[in-house]
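**Q** The structure under discussion is supplied below as structure tokens; questions concerning it will follow.
The values are calculated or read from the model by the stated rules, or taken from the named source; none is laboratory data. Since this is a predicted model, take the numbers as computed values, not measurements. Here the Cβ positions follow ideal geometry from the backbone for every residue, glycine too, while neighbour counts run over all protein chains shown. Surface areas here come from the heavy atoms of the whole protein model, side chains and all, with no ligands, DNA or RNA. Shrake-Rupley method; radii C 1.70, N 1.55, O 1.52, S 1.80 Å.
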Amino acid sequence: MNRRMLLVLSVLLLLLLPLGVLAAPPVSTAAITPIAPIAQIQPAGIPLLTVQNVGGAQNWSMSLQVLALMTVLTLLPAVLLMMTSFTRIIIVLSFLRQALATQSTPPNQVLLGLALFLTMFVMSPVINRAYVDGVKPYMDHQMSAEDAVPAAAAPFKHFMLDQTRDADLQLFTHLAKEQPYTSKEAVPFRVAMPAFVTSELKTSFQMGFLLFIPFLVIDLLVASVLMSMGMAMVSPALISLPFKIMLFVLVDGWSLLIGTLAGSFYT
């Protein structure tokens, strides 16, 4: 599953690269002048870019496919944040930790790991569809790069638009000075991505507000009891923390929260 996700995201990120590079015909090997025997050992089928000085004193070669792959790998974190469910999940989990007032418990590594694997679970249907429609035909040489990239990107765009509010989509459509789109297929990525991120931020803050309410009630009750007992110098957060943890455990909070987060993408 991890390898399939990496392949899908790598092909998807080629949207940000010029398709002309992918479609460029390979340079004839007859035009390449090796400078050493080691230069004669080149992988078959990889187009090479050869640069030669005017005097012919120096020439060097570089694989465009390796360069494109390294560029894609550097953009993987941005794709994970901007085109998947990761943003909503990690923000809600952060709100939970603040509502419990447990400071660094759970630690950041645990929250990030939980958010990452929950994102893989939520996005698995989208990743499988992108792999079947675009990545696998391209790897089997049944589809060109120009056709494979839009085919692999289409499931992600549908997922983003399904989670995007109409008001946010209309906002960025107006900012892009475009006419209202008649279908999801007509919405470009430059409009769908910022609209999706804006909508995800709004949704995650709404869920965080609802998450805060029961713990805020406990804080108010504990503070009122301490004030009535004349214990104004005692920190209410210190007394309310065990009660909030007990409430969260009694209602099976982790299962309830994670189930609500995962289900919120398919309602």
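**Q** State all residues of segment 241-254 that are more than 14 Å from residue 97 (Cα to Cα) and touching a helix residue (DSSP H, G or I) at 6+ places or on another chain (Cβ under 6 Å); if no residue qualifies, say none.
**A** Matches in segment 241-254: 243 only.
**Q** Looking at (1) farther than 22 Å from residue 207 by Cβ; (2) open to solvent by less than 50 Å² (accessible area, probe 1.4 Å); (3) at pLDDT 85 or above, which is the one condition that is false for residue 219?
**A** (1)
**Q** Is one or more of the residues making up segment 134-150 in a helix (DSSP H, G or I), touching a His at 6+ places or on another chain (Cβ under 8 Å) and either open to solvent by less than 30 Å² (accessible area, probe 1.4 Å) or farther than 20 Å from residue 264 by Cα (or both)?
**A** Checked against the condition, which is being in a helix (DSSP H, G or I), touching a His at 6+ places or on another chain (Cβ under 8 Å) and either open to solvent by less than 30 Å² (accessible area, probe 1.4 Å) or farther than 20 Å from residue 264 by Cα (or both), segment 134-150 yields no hits at all.
**Q** Condition check: closer than 20 Å to residue 83 by Cβ and in contact with a Leu (Cβ under 7 Å, 6 or more places away or on another chain). Does residue 184 satisfy that? Walk me through it before giving the result.
**A** Values: closer than 20 Å to residue 83 by Cβ: yes; in contact with a Leu (Cβ under 7 Å, 6 or more places away or on another chain): yes.
Yes; evaluated as a whole, the condition is true for this residue.
**Q** Only residues that are in a helix (DSSP H, G or I), small (Gly, Ala, Ser) and more than 30 Å from residue 177 (Cβ to Cβ): list them for segment 192-243, please.
**A** 208, 223, 224, 228, 237, 240
**Q** Search segment 187-216 for residues being open to solvent by less than 50 Å² (accessible area, probe 1.4 Å) and among the aliphatic types (A, V, I, L, M), and hand back the single one that is farthest from residue 149 (Cα to Cα).
**A** So, considering only residues that are open to solvent by less than 50 Å² (accessible area, probe 1.4 Å) and among the aliphatic types (A, V, I, L, M), the one farthest from residue 149 (Cα to Cα) is 211.
**Q** Related question: Looking at (1) in contact with a Pro (Cβ under 9 Å, 6 or more places away or on another chain); (2) surrounded by fewer than 20 Cβ atoms within 10 Å (Cβ to Cβ); (3) under 20 Å from residue 197 (Cα atoms), find the lone condition where residue 97 falls short.
**A** (3)
**Q** Okay, next question. From the set of residues in segment 244-267 that are open to solvent by less than 50 Å² (accessible area, probe 1.4 Å) and assigned to a loop (DSSP other than H, G, I, E, B), which is nearest to residue 164 (Cα to Cα)?
**A** 265
**Q** Sticking with this one: Considering only residues that are open to solvent by less than 50 Å² (accessible area, probe 1.4 Å) and either without any contact (Cβ under 8 Å) to a residue 60 or more places away in the chain or of a type in the set (Ser, Thr, Tyr) (or both), which ones fall in segment 160-182?
**A** Correct list: 161, 164, 168, 169, 172, 173, 176.
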